[in-house]
1. Treating cross-link reach as a plain straight distance, find the lysines whose alpha-carbon is under 30 Å from the alpha-carbon of LYS32, omitting any fewer than eight places away in the same chain.
2. Is the range 2-95 best put as rounded, prolate or oblate by its Cα gyration tensor, with a ≥ b ≥ c the root eigenvalues, rounded for a/c under 1.5, and otherwise prolate when a/b is larger than b/c, oblate when not?
3. Within 10 Å, count the other beta carbons around each residue, average over each peptide in 69-82, 26-39, and list them highest first.
Amino acid sequence: MPRDACYRGCIIGVWKSKTTYRELKVEQGMEKLRSRTPESVGFEVAGHMLLYLLVRWTIVEAAIKHSVDPLELSFLAALNEIMACNGLCCVQSLSGQNRCSCRVC
């Protein structure tokens, strides 16, 4: 029995890492980096990671607000919504300055 639980945990871990990789590479457009120097590549990757974490954070905030599981919400839909409003509404909402007007929050 413990062996089956370990196997399931490994499968879930692999699935989560592959999903995250796809979200970063395909959905965020990190398939082809535009930077030329190692330092600028590092900054570009860090920017993509920051965007990924902000989208995930916004998804969790929206899930809590609407009492749903965050895994039921679409990463791509949240990313598109945030990109459509340039992310400003969500940043203002999280800082408490304004109410967010996007459909994600």
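1. LYS16, LYS18
2. Note, shape of the range 2-95 comes out oblate.
3. Per-residue Cβ counts within 10 Å, averaged per peptide and sorted highest first, yield 69-82, 26-39.
Each value in this text was obtained by applying a stated rule to the coordinates, not by laboratory testing. Keep in mind it's a predicted model, so treat the numbers as computed, not measured. No Cβ is skipped: glycine too gets one built from the backbone with ideal geometry, and neighbour counts run over all protein chains shown.
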